[in-house]
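**Q** After the structure tokens below, expect a handful of questions from me.
The values are calculated or read from the model by the stated rules, or taken from the named source; none is laboratory data. Just so it is clear, the model here is predicted, and its values are computed rather than measured. So basically every Cβ, Gly included, is an ideal-geometry build from the backbone, and we count neighbours across all protein chains shown. Ligands, DNA and RNA are stripped out before the accessible areas are found, and what is left, the full protein with its side chains, is counted by its heavy atoms. Shrake-Rupley method; radii C 1.70, N 1.55, O 1.52, S 1.80 Å.
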Amino acid sequence: MAEQMTMLERLTAIEDIKQLKARYFRLLDQHEWDDFAALFSSTLVVEIAESTSGPKDRDTFVQSVRSHLDNAVTVHQGHTPEITIIDADHASGIWAMFDLVEPPADSEFPLLTGYGHYLEDYVREDGEWRISRLELTRIKRSTSFARARH
């Protein structure tokens with residue numbers, strides 16, 4: 001298991017997972033949906049309590065995110081990762097997060113600012129790390145219909 005991996009293999013896996021999550025935040029904010037979808041395993045499980053659309057798998061998750069954020073200005077950041085390597089093909093992680101979602105002025109959705117954590121599992125498929133479980137928990141969530149001026 002994990003103890004059979006060399007220190008270099010473990011550190012490389014941790015760095016690869018950090019790069020995966022960095023791409024998650026960048027592709028999400030750049031609205032590059034096809035590349036965003038490729039970050040997830042085909043067996044993705046999604047747990048987001050605040051979601052109104054209740055996405056449970058990769059396809060419905062990506063479609064839900066796209067429909068909610070495609071016309072919005074978004075800022076997503078992840079910090080202080082705690083990554084545990086389980087074995088050569090499985091890992092888990094916790095990321096402190098911040099997000100800001102600013103819908104267009106005519107939107108029915110409010111401006112959202114949030115703080116919390118991503119709780120995730122990762123699997124290596126075809127030599128690449130992918131997110132296999134994503135759970136978003138919130139510590140603080142603020143909404144407003146006031147819009148910032150650009």
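**Q** Could you compute the net charge surrounding W95? Neighbours are other residues with a C-beta less than 12 Å from the C-beta of W95; K and R count +1, D and E count -1.
**A** That works out to -2.
**Q** Using a simple charge model, +1 on the beta-carbon of Lys and Arg, -1 on the beta-carbon of Asp and Glu, nothing else, what dipole does the chain show about its Cα centre, in debye to the nearest 20?
**A** In debye, rounded to 20, the chain gives about 600.
**Q** Could you give the length gained on full extension between T60 and V75, defined as 0.36 nm per residue of separation minus the Cα-Cα distance, in nm?
**A** Roughly 3.2 nm would be gained on extension.
**Q** Please give, to one decimal in nm, the separation of the simple spin-label points placed at I86 and T43, each 7 Å out from Cα toward the Cβ.
**A** Placing both labels 7 Å along Cα→Cβ, they lie 0.9 nm apart.
**Q** For the chain, what does the helix formula give at 222 nm: sum of -39500 (n - 2.57) over DSSP H segments with n ≥ 4, over the residue count, nearest 500 deg cm²/dmol?
**A** Details: 3 runs with 41 residues, N = 150.
The helix-only estimate for the chain comes to -9000 deg cm²/dmol at 222 nm.
**Q** Something else: Could you work out the per residue convex hull volume over the alpha carbons of the chain, in cubic angstrom?
**A** Values: hull volume 16.4 nm³, N = 150.
Looking at the chain, the number lands at 110 Å³ per residue.
**Q** At 1.4 Å probe size, with every protein chain present, just tell me what the per residue accessible area of segment 1-121 comes to in Å². Intermediate values should be presented prior to the final figure.
**A** On the way: 6480 Å² over 121 residues.
Here the residues of segment 1-121 average 54 Å² of exposed surface.
**Q** Counting only protein heavy atoms and a 1.4 Å probe, tell me what percentage of segment 81-150's accessible area is made up of carbon and sulfur. Working shown, then result.
**A** Values: 1970 of 3840 Å².
The computed percentage sits at 51.
**Q** What percent of all Cα-Cα pairs in segment 63-150 falls in each 10 Å bin, counting up from 0?
**A** For segment 63-150, the binned pair fractions read 16, 37, 29, 14, 4 percent.
**Q** Given H placed on each backbone N at 1.01 Å, which residues far from S41 in sequence or on other chains put an amide H within less than 5 Å of it?
**A** I131, S132
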